[in-house]
Amino acid sequence: MKICRSISEIRALIADLKQTGSVGFVPTMGALHDGHLMLIRRARAQHDSTIVSIFVNPTQFENADDLLLYPRDEASDLAALRAAGVAGVFLPEADAIYPEGAETIVETTQLANVLHGVVRPGHFRGVATVVTKLFNIVQPDAAYFGKKDYQQLAVIRRMVHDLHLPLSIHGIDTVRDHDGVALSSRNVRLSPAQRRAAPVLHTALTEARARLMAGASIEDAADLIAEQIAAEPLARLEAVDMVDAVTFAPVSGHPEGVVGMMLSVAFGDILLIDQMEAEL
Ligand code: AMP
């Protein structure tokens, strides 16, 4: 496994790898868990080589403490990536990604500013900008993203389509712990009591999906989620949004097709998100 810290190193590696086959790419912010490893497994199954990037992107954090407290563990990440059989890992410094004087941004003007984008202004602009940069540096044939970050996946699909970027995007189902909690690098920051309460996101989404499949309205399902979160004293509901999985437009009543349920819940200052799809 080649460890590349500069753009020139990763470019040289990619040029080599592309001579013999296709390249799959998994962008991450590190503190790797089995969710990341699932994306890597899928990339490896479909490509000759897989590249992973680890970059805690400052421009997608609207809160300085959240950026500072974001878990980092390079040594154990590198060991996990070696065991997972990736060809190379890109570990850039912030000033390589954002050169002095950088002023160019990428923004999905509608999608970035609805739903989670309202509670996290600037977040999806930061994501779209850094992912575009990473795509331009790595130039992969395909990139893999988790459905857990549902709106992020929609933003990236939109941006790739709009900018004619020559790669395919794959969305991967959320990998969960034994009790249903979506794996997240942020979970390590939960106190034991908060961690014990965290399955409430998955429970609420599962019950809401069952309700929807049984014929309940979107509004009733959203209310059910809100009630379940309100019943957990350590949890505070930030947002529950029900959208059409294809258009990402908010849905109401009794829609047909696939509905994406997006949930955002705070435990103290730690924000957890989760998502589930219901096929109606
Ligand atoms: P992050 O390091 O949190 O930015 O995540 C990197 C990629 O892994 C993103 O595409 C996430 O959506 C994806 N990811 C994070 N957690 C999970 C999970 N539990 N299951 C599947 N994919 C995940």
Per the helix-only model, the chain has a calculated mean residue ellipticity at 222 nm (DSSP H runs of ≥4, -39500 (n - 2.57) each, divided over all residues, rounded to the nearest 500) of -12000 deg cm²/dmol
If the cut-off is a Cα-Cα distance under 27 Å, which lysines reach Lys148, setting aside same-chain residues fewer than 8 apart in sequence? Lys133
Radius of gyration and maximum dimension Dmax of the stretch 131-221, Cα, Å: 17.2, 47
Here the FRET efficiency for Ala231 versus Ala83, based on Cβ atoms and R0 = 45 Å and rounded to 0.05, is 0.65
Please work out the FRET efficiency for the pair Met1 and Ser22, using the Cβ-Cβ distance as r and a Förster radius of 22 Å; give the result to the nearest 0.05. 0.75
Can you give the three extents of the C-alpha atoms in the stretch 137-177 along their principal axes, from longest to shortest, in whole Å? 35, 18, 14
Round to a whole angstrom and tell me the spacing of the C-alpha centers of the stretch 10-38 and the stretch 135-151. 10
Based on the Cβ-Cβ distance of Ala64 and Ala94, what FRET efficiency does E = 1/(1 + (r/R0)^6) give at R0 = 22 Å, to the nearest 0.05? 0.95
Give me the number: length gained by fully extending Ala249 to Val118, i.e. 0.36 nm times residue separation minus the C-alpha to C-alpha distance, one decimal in nm. 45.7 nm
Taking a point 7 angstrom from the Cα of Val188 along the C-beta vector, which residues in the stretch 258-280 have backbone N less than 13 Å away? none
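As a test, work out the antiparallel percent of DSSP beta bridges whose residues both lie in the chain, rounded to the nearest 5.
Antiparallel bridges: around 50 percent, rounded to the nearest 5.
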Only four residue types carry charge here, +1 at the Cβ of Lys and Arg and -1 at the Cβ of Asp and Glu. Report the dipole size of the stretch 129-210 about the Cα centre in Debye, rounded to the nearest 20. 260
Let me understand the chain better: what is its radius of gyration from the alpha carbons, and its Dmax, in angstrom? 19.0, 57
Between the stretch 94-130 and the stretch 170-185, what is the C-alpha centre distance in whole Å? 25
If I model a spin label as a point 7 Å beyond the Cα along the Cα-Cβ vector, how far apart are those points for Gln46 and Glu238 in nm? 2.8
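Cβ under 9 Å from Gly260's Cβ, Gly260 left aside: what net charge do those residues give with Lys, Arg +1 and Asp, Glu -1?
-2
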The stretch 86-100 - phi-based ³J(HN,Hα) in whole Hz, Karplus 6.51/-1.76/1.60, Gly and Pro as x: 7, 7, x, 10, 10, 10, x, 8, 4, 6, 7, 6, 10, x, 2
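Each reported figure results from applying straightforward, stated rules to the coordinates on display, with no laboratory input. Treat the numbers as computed from the prediction; the structure is a model and nothing was measured. Virtual Cβ from ideal backbone geometry, glycine too; neighbours counted across all protein chains shown.
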